[in-house]
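The values are calculated or read from the model by the stated rules, or taken from the named source; none is laboratory data. Just so you know, these numbers come straight off a predicted model, no measurement behind them. When we count neighbours, we look across all protein chains shown, and the Cβ atoms used for this are built from the backbone with ideal geometry, even at glycine.
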Amino acid sequence: MATKLTQTEIIQRVLDCKEALGLNTLPLRQQLKEMTGLDSNLLSRVGGLKGISEMTGIPIAPNPRRAKVRVDDTPVSIRPSRAFDIEREMRGQGLHYNDYQKADTLKRVEGMAW
């Protein structure tokens with residue numbers, strides 16, 4: 001039968017693992033499991049890594065999977081569309097916007113050198 005670890009023993013194992021790895025932050029759960037055999041069940045007894053961090057004052061290592069992506073939120077000017085004005089002109093002539101598109105496409109194709 002496995003011996004139960006006390007809170008102080010669990011915290012001591014975490015700190016020993018931190019020192020062995022030479023980290024400035026608390027080790028990741030995977031590192032703790034590989035080096036000391038502490039799983040998430042044992043860590044949850046002391047409040048998890050967050051609880052150990054609050055007790056000891058040592059910061060938690062940032063999770064690389066949860067890295068925030070920096071988004072450039074500067075506004076980009078959008079070129080105004082002329083479609084509404086063109087459609088109004090076409091309707092004034094009794095045509096549809098589709099007719100303008102076809103005529104414009106034909107004009108472009110005829111201008112190409114095949």
- Message: Exactly one condition in (1) outside the structural domain of C17 (by TED's automatic domain parsing); (2) in contact (Cβ under 8 Å) with a residue 40 or more places away in the chain is false for I52; which is it?
- Response: (1)
- Taking the range 49-100, which residues are of a type in the set (K, R) and within 41 Å of the chain's Cα centre (by Cα)? K50, R65, R66, K68, R70, R79, R82
- Item | Residue in the range 70-94 that is farthest from I10 (Cα to Cα), counting only those that are part of a loop (DSSP other than H, G, I, E, B) and among the charged types (D, E, K, R) | R82
- Query: Can you tell me how many residues in the range 95-114 are loosely packed, with under 10 Cβ neighbours inside 10 Å and in a helix (DSSP H, G or I)?
  - Reply: 5
- How many residues are surrounded by 14 or more Cβ atoms within 10 Å (Cβ to Cβ) and within 18 Å of G47 (Cα to Cα) when one looks only at the range 18-30? 6
- Item | Selected residue (criterion: surrounded by the most Cβ atoms within 10 Å (Cβ to Cβ)) from residues of the range 31-60 that are of a type in the set (D, E, K, R) and within 20 Å of Q7 (Cβ to Cβ) | K33
- Task: Check the range 61-79 and report whether any residue there is farther than 30 Å from D104 by Cβ, touching a strand residue (DSSP E or B) at 6+ places or on another chain (Cβ under 7 Å) and either surrounded by 10 or more Cβ atoms within 10 Å (Cβ to Cβ) or not aliphatic (A, V, I, L, M) (or both).
- Result: yes
